[in-house]
1. Would you mind stating whether ALA155 is buried (at least 23 other Cβ atoms within 10 Å of the Cβ), over 14 Å from the mean Cα position of the chain (by Cα) and among the small types (Gly, Ala, Ser)?
2. Output the residues belonging to segment 60-84 that are in contact with a Gly (Cβ under 8 Å, 6 or more places away or on another chain) and away from the ligand (no atom under 16 Å from the Cβ).
3. For segment 198-208, what are the residues that are away from the ligand (no atom under 14 Å from the Cβ) and either surrounded by 24 or more Cβ atoms within 10 Å (Cβ to Cβ) or more than 16 Å from HIS76 (Cα to Cα) (or both)?
4. Can you pull out every residue in segment 86-114 that is within 16 Å of the chain's Cα centre (by Cα) and either of a type in the set (Lys, Arg) or within 16 Å of the ligand (Cβ to nearest atom) (or both)?
5. Being farther than 21 Å from GLU122 by Cβ and away from the ligand (no atom under 15 Å from the Cβ) is the filter here, so list the residues in segment 132-175 that pass it.
6. Within segment 57-80, how many residues turn out to be among the aromatic types (Phe, Trp, Tyr) and within 20 Å of GLU229 (Cβ to Cβ)?
7. Please work out which one of (1) closer than 18 Å to PHE231 by Cα; (2) modelled with pLDDT of 50 or more is the condition GLY29 fails and give its number.
8. Name the one entry in ASP228, ASP215 that is of a type outside the set (S, T, N, Q) and closer than 24 Å to GLN49 by Cβ.
Amino acid sequence: MRSTNRRHHCLWLIPALLLPMLAGCASSGSAPAADPASATEPAEQVNCQQVACVALTFDDGPGRYTEALLDVLAEHHAPATFFVLGKNVGNHPQTVQRMVDEGHQVGSHSYDHQDITTLTREGIEHEVQWTDEAVEQAAGVTPTVFRPPYGANGAVYNRLIPTPLLLWDVDTLDWSHHDPQKTVDITREEVKPGSVVLLHDIHETSLQAVPELVDMLQAEGYTLVTVDELFAHSDFEPGAVYSSLETGAQATPRDSSADAGD
Ligand SMILES: [Zn+2]
């Protein structure tokens, strides 16, 4: 699967080259030409309200496979967002630092995977605070988004979370079937512009799906972005729950070159 690298680079160029055209068409912004040599620089220029973006998200790590996953993502120039467990961060601080260094986003998935709807106010605050501190110590950044374990949430609990809560709209069920091909197939069927794809970097079969997954998404015209990039031009409020970016009809994969003309 590593023999198709050249093709990946070419596919990456397509959205990168379209960006300046789209930016010029849709707004008064004058986006500089994207640099295809970097995994994340082009995505930073993207307005996901107009370009078909997808955010890959990996939960429950960092773990024993996360470094290998970072290798794969680097090879494929694919940014991602990691929802880490605070209790795991201390065991892999260099891995978390590497995520940041390589342009990925680090989000919080609580300290030890607790259902926040079963916790007291103090319990929720500890889950957030301990994870933030662990990430800050490891990588010098503070998580700006929270994924509640099991997706469990409720208004009375959510308002105690100091960042937006992000769920997902594409559930690959990777943790259940452990089948890389199934992970790709489910994503292909369910993905749409603005989607958030749920994966887990604690399973080897999940990272084995990533080369074909990224290849498929890029071939279908999607631009991979981090969560913050996905919502950069939209409301993304602390304590509110999101599962994808509502893009309306503007962002469409494949046909983006045609859209740039009107
Ligand atoms: Zn989880």
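The values are calculated or read from the model by the stated rules, or taken from the named source; none is laboratory data. As the structure is a computational prediction, the values presented were derived from the model and not from experiment. In this analysis, Cβ positions are derived from the backbone assuming ideal geometry, glycine residues included, and neighbour counts consider all displayed protein chains.
1. Against the criterion (buried (at least 23 other Cβ atoms within 10 Å of the Cβ), over 14 Å from the mean Cα position of the chain (by Cα) and among the small types (Gly, Ala, Ser)), ALA155 does not qualify.
2. PRO79
3. Listed by number, the residues that qualify are GLU204, THR205, LEU207.
4. Hits for segment 86-114 are ARG98, VAL106, GLY107, SER108, HIS109.
5. Of everything in segment 132-175, those that are farther than 21 Å from GLU122 by Cβ and away from the ligand (no atom under 15 Å from the Cβ) turn out to be GLN137, ALA138, ALA139, GLY140, VAL141, THR144, PRO164, ASP169, VAL170.
6. Matching residues across segment 57-80 total 1.
7. Looking at each condition in turn, GLY29 falls short on (2).
8. ASP228
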